[in-house]
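Take this structure, written in structure tokens, and hold onto it; I'll ask about it next.
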Ligand SMILES: N=c1c2ncn([C@@H]3O[C@H](COP(=O)(O)OP(=O)(O)OP(=O)(O)O)[C@@H](O)[C@H]3O)c2ncn1[C@@H]1O[C@H](COP(=O)(O)O)[C@@H](O)[C@H]1O
């Protein structure tokens, strides 16, 4: 099963190898403003799902929020260690 760390490694690899058809490459190229809008959109969807939807729907939205946070991390060049030291 994928984890936060393994997804991050996968996205980091996408940012370097830039394979055709990668949504992550597109998201990185779109810049921080677009990345931030996606992050806020997913955060809102987590909130709404938590209020109104099933556990699985909430989990799906949280996975997308994690993905969007990782895109911002990679776009800004922030490592897992830089984040984890604050936990
Ligand atoms: N975990 C994710 C992931 N979570 C969310 N998303 C993106 O976020 C979208 C869902 O968000 P929305 O609800 O906003 O749906 P949407 O409005 O239709 O999305 P867009 O058309 O705006 O992209 C998905 O369609 C994906 O584009 C993800 N895209 C990729 N991953 C994983 O990231 C890895 C690399 O993916 P690629 O870069 O696409 O190869 C793979 O392991 C993927 O499974």
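Could you tell me how many of the residues in region 61-84 are surrounded by fewer than 16 Cβ atoms within 10 Å (Cβ to Cβ) and more than 23 Å from residue 25 (Cβ to Cβ)?
Qualifying residue count for the region: 2.
Could you say whether any residue in region 37-53 is within 20 Å of residue 83 (Cβ to Cβ), touching a helix residue (DSSP H, G or I) at 6+ places or on another chain (Cβ under 8 Å) and in contact (Cβ under 8 Å) with a residue 60 or more places away in the chain?
Within region 37-53, none of the residues are within 20 Å of residue 83 (Cβ to Cβ), touching a helix residue (DSSP H, G or I) at 6+ places or on another chain (Cβ under 8 Å) and in contact (Cβ under 8 Å) with a residue 60 or more places away in the chain.
Let me ask you something else. Identify the residue in region 1-24 that is touching a helix residue (DSSP H, G or I) at 6+ places or on another chain (Cβ under 6 Å) and over 18 Å from residue 81 (Cα atoms) and, among all such residues, is surrounded by the fewest Cβ atoms within 10 Å (Cβ to Cβ).
Of everything passing the filter in region 1-24, 18 is surrounded by the fewest Cβ atoms within 10 Å (Cβ to Cβ).
I've got another one for you. Please report, ordered by residue number, the helices (runs of 4 or more DSSP H) entirely within the chain with at least 3 residues that are within 10 Å of the ligand (Cβ to nearest atom), on the phi < 0 side of the Ramachandran plot and modelled with pLDDT of 95 or more.
4-17, 23-52, 55-76
The values are calculated or read from the model by the stated rules, or taken from the named source; none is laboratory data. Since the structure is predicted, the reported quantities are computational estimates derived from the model, not experimental observations. Positions of Cβ are generated from backbone atoms using ideal geometry, with glycine treated the same way; all protein chains shown enter the neighbour counts.
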